[in-house]
Amino acid sequence: MPNAVVARNGGRWGFAALIAILLLGLGLRVGEAWDGRAPVYDAAAYAAIARNLDQGNGFTAGAGATQPSSDYSPGLPLFVAGVYEVTGGVHERTARLVLALIGTLAIPFAYLLARRLASVLCNPQGDKGQRVGLGVAAGLIAALVVAIYPATIEYTGMLMTEPLAATLLVGAILGLLWAGDGPGPWRWLVPGLTLGALALVRPEYLAIGLLLAGLVLLHERFAPRPAVRSQLPTHSEGKCERTAGGWRRALVAAAVVGLGIVVVVAPWTVRNAFALDRFVTVSTGGGQVLYAGTYLPSDGNPEAVGAAVVAEHPDLFGPHAVENLRLEQILARLAEANHPGLEPDEALSQMGKEQLGDDITEHTGEYVEFVAAKVGRIWSHGPRAVMREPVWEALHWVLLGLGLFGLALLAYLRRWEALLIGAVFLAITLISALLVASPRRVLVLIPLLSACAGAAAAWLAARARAGKPQSVL
């Protein structure tokens, strides 16, 4: 068995390279988690909630919080509080180290996904040894990018959702592909549970998880499946004919994925019904991000919304409001002025919908430019200042170009893998176009993007080796 594992991963040299990349990524993350880093505001809030949970004070960020604790996704603080319970106290460094280990799993996950994608793209009917070699090369490229991508590493030094969410997302995609490769409906429960955990960590992935369950339904219904060989001799004896799947199997597969999501998310939804006295699936705050995400004077930059609102409504704020108030406080005051008596999030949701309608109907051209600026903002560079350094900015652009090219190749071949990954990319782009456009949303996609980029690099290498023009057609 060990020899077989080594052989499947490029022999001794390929396997050694994989282990070296894995150790590199682990070392960078553990070092960052051990030293820690000055937390951004959200990281400080997650840390406070986890600490209060461990001390029996409930899901709260404390009296000094500038927005309701329900605005924060529960997955990370609940997990960290669980670490505190196991370790016997609030040890944030220990929690960061555990999260670093989980974040490191994104490296082998990206490797496995890239290896699969490359095997699809690089002469699937050709020499097996060549396919294995190209698959391993693609996997190593993807693994190395994930291992050294600086923004992900920096967020490991504080309690942030992105590294954990990135691992859960690429793990869920691998789980969906694995479940589709074999028999048995309960295999689909693995990606379902993973998508449920992801939704608790990043609430926007609840809708994306349900979208993926719908794609599973369509794939299982219409994708060709191996047919049972007839017992009677025919002219096709010895061949494995293929036939379209049935609705029953497709419905069961999609239902099991959905069941996994619901099993994880439903307990928190029930908790919210009692704690908040209203139906909230994961977290509140949707009204705030909708209003901020449709506020045209910000030019698509969420960091400019607060100053623009204060400038537009000087009667509500003092001369130093921008320096003294955070965005959520500014918007809460605006919501109270426009809809007194309503919860700020509900008021902002109503205001955001009205503002979106006005953007589309009254300022169509400006809104199109606004959305384009937001999409460019999330994809053009990674979060954190380190991603503005020339070498890392160049890495990001190469990764983006190769990744989208690899996805296009998969789509051209009409592959199931392209449908899954492309749906996630498109959904995150649309969410960012509608709501707040933060590059942190794309950070969660880096393992998927790296896998596509690795597969594209392997395809280009295969075409160059064959001496053929590098064209899909």
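Just so you know, all these numbers are worked out from the coordinates, no wet-lab data involved. Values in this document were obtained by computation on a predicted structure and should not be read as measured data. Glycine also receives a Cβ, built like all others from the backbone with ideal geometry; neighbour counts cover every protein chain displayed.
A few notes on this one:
- Cα gyration tensor, region 327-468 - rounded (a/c under 1.5), prolate or oblate: prolate
- Local electrostatic count at residue 316 - Lys and Arg +1, Asp and Glu -1, tallied over other residues with Cβ under 14 Å: -2
- Charge sum, other residues only, whose C-beta stays under 14 Å from residue 372's C-beta, Lys/Arg counted +1 and Asp/Glu -1: -2
- Summary of packing: across the peptides 163-173, 64-74, the per-residue average of other C-beta atoms within 10 Å ranks them, highest first, as 163-173, 64-74.
- Efficiency of FRET between residue 87 and residue 326 - r from beta-carbon atoms, R0 25 angstrom, step 0.05: 0.20
- Region 141-185 and region 319-368 have Cα centres lying 35 Å from one another.
- Here the calculated FRET efficiency for residue 3 and residue 249, from their Cβ-Cβ distance with R0 = 30 Å, stands at 0.25, rounded to the nearest 0.05.
- Taking packing as the residue-averaged number of other Cβ atoms within 10 angstrom, the listed peptides 344-355, 36-47 run from highest to lowest as 344-355, 36-47.
- Highest mean first, the peptides 384-390, 252-258 sorted by other C-beta atoms within 10 Å per residue fall in the order 252-258, 384-390.
- Once C-alpha pairs closer than 8 Å and six or more residues apart are averaged by separation and normalised to the residue number of the chain, the relative contact order reads 19 percent.
- Gyration tensor (alpha-carbon) shape descriptor, region 286-362, a/c threshold 1.5: oblate
- Model label sites at residue 388 and residue 362, defined 7 Å from Cα along the beta-carbon direction, differ in position by 3.5 nm.
- Axial C-alpha extent at least 24 Å, average Kyte-Doolittle at least 0.0 - helices from the chain (DSSP): 11-35, 128-148, 162-181, 204-222, 247-275, 390-412, 416-434, 446-466
- All other residues whose Cβ lies under 14 angstrom from that of residue 48 are scored, Lys and Arg at +1 and Asp and Glu at -1, for a net of -3.
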